[in-house]
Amino acid sequence: MNLSDIMKNPIITVSPTDTILYAAKIMSKYNIGYILVVDGHTLVGIITDRDIVIRCIPSEIDCKICTVDKIMTNSAIVLHPSDSIKKAVSIMIDSNIRRLPVVQDGSLKGLITIFDILKSSEISNKIEISYDLTEFIF
C-alpha cells in the first residue's frame, strides 16, 4: 500500500493572497485545522489554526487585511504518491509534523495525515504504527 491509496483528494486550498480571515472561515466551515496554500497548482505552503493563534493574534494582525502568505509555513517537506506509508510515518515523527502534502511533477496531488494512516492501516500494521505515533500525537 502506498500514499496514493489513502491520501485525501480533492483537498481544500487557499491562495497566498487570500486573507487570514477567509482562511479561518474555510477552516470553520469544513471543521479542519489546516489548509494547503497553492499558487495555481503549485504548493507554496500550509496555514494552520495554530499559525493563526501563534503568529497573528499576539501581534494583533488585522486578519481582515493581512494575507495568508504573511503567516503560512512554507512547505519544504513533501511526499510522492508512490511513497510508502512507512516513509510518511518516519518523516512525520522525525519532523514533528502531522500532515504532509503529496506532490507529483510539481503539482499538488493530495494530503496525508497521521489519522489517515491510522484509519487505513491493516490491523497487524496498525498496532505497530499506533505505538510509534502514540507519543507523537499525545
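The values are calculated or read from the model by the stated rules, or taken from the named source; none is laboratory data. Computed from a predicted model, the values in this text were never measured in an experiment. So basically every Cβ, Gly included, is an ideal-geometry build from the backbone, and we count neighbours across all protein chains shown.
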Within the stretch 86-103, considering residues that are part of a loop (DSSP other than H, G, I, E, B) and of a type outside the set (A, V, I, L, M), the one surrounded by the fewest Cβ atoms within 10 Å (Cβ to Cβ) | Asn96
Would you mind stating whether Ser59 is among the polar types (S, T, N, Q) and assigned to a loop (DSSP other than H, G, I, E, B)?
-> yes
Some residue of the stretch 71-80 being surrounded by fewer than 18 Cβ atoms within 10 Å (Cβ to Cβ), modelled with pLDDT of 95 or more and within 20 Å of Ile112 (Cα to Cα) = yes
Examine the stretch 34-46 for a residue that is in contact (Cβ under 8 Å) with a residue 12 or more places away in the chain and in a helix (DSSP H, G or I), and state whether such a residue exists.
-> no
Kindly check whether there is at least one residue in the stretch 16-26 that is of a type in the set (S, T, N, Q), closer than 16 Å to Thr113 by Cα and either out of contact with any strand residue (DSSP E or B) (no Cβ under 8 Å at 6 or more places or on another chain) or touching a residue at least 40 places away in the same chain (Cβ under 8 Å) (or both).
-> no
Among the residues of the stretch 28-35, is there at least one that is among the hydrophobic types (A, V, I, L, M, F, W, C) and either under 12 Å from the mean Cα position of the chain (by Cα) or closer than 22 Å to Lys119 by Cβ (or both)?
-> yes
Report yes if Ile77 is part of a loop (DSSP other than H, G, I, E, B), closer than 18 Å to Val102 by Cβ, in contact with a Gly (Cβ under 7 Å, 6 or more places away or on another chain) and β-branched (Val, Ile, Thr), otherwise no.
-> no
Give just the number: which of (1) touching an Asp or Glu at 6+ places or on another chain (Cβ under 9 Å); (2) in a strand (DSSP E or B); (3) closer than 15 Å to Ser4 by Cα does Lys109 not satisfy?
-> (1)
What is the number of the single condition among (1) more than 20 Å from Ser28 (Cβ to Cβ); (2) surrounded by fewer than 17 Cβ atoms within 10 Å (Cβ to Cβ) that Asp83 does not meet?
-> (2)
Picking from Ile6, Ile32, Ile91, which residue would you name as being touching a helix residue (DSSP H, G or I) at 6+ places or on another chain (Cβ under 6 Å) and not polar (S, T, N, Q)?
-> Ile6
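Name every residue in the stretch 1-22 that is within 18 Å of the chain's Cα centre (by Cα), part of a strand (DSSP E or B) and polar (S, T, N, Q), in order of residue number.
Result: Asn2, Thr13.
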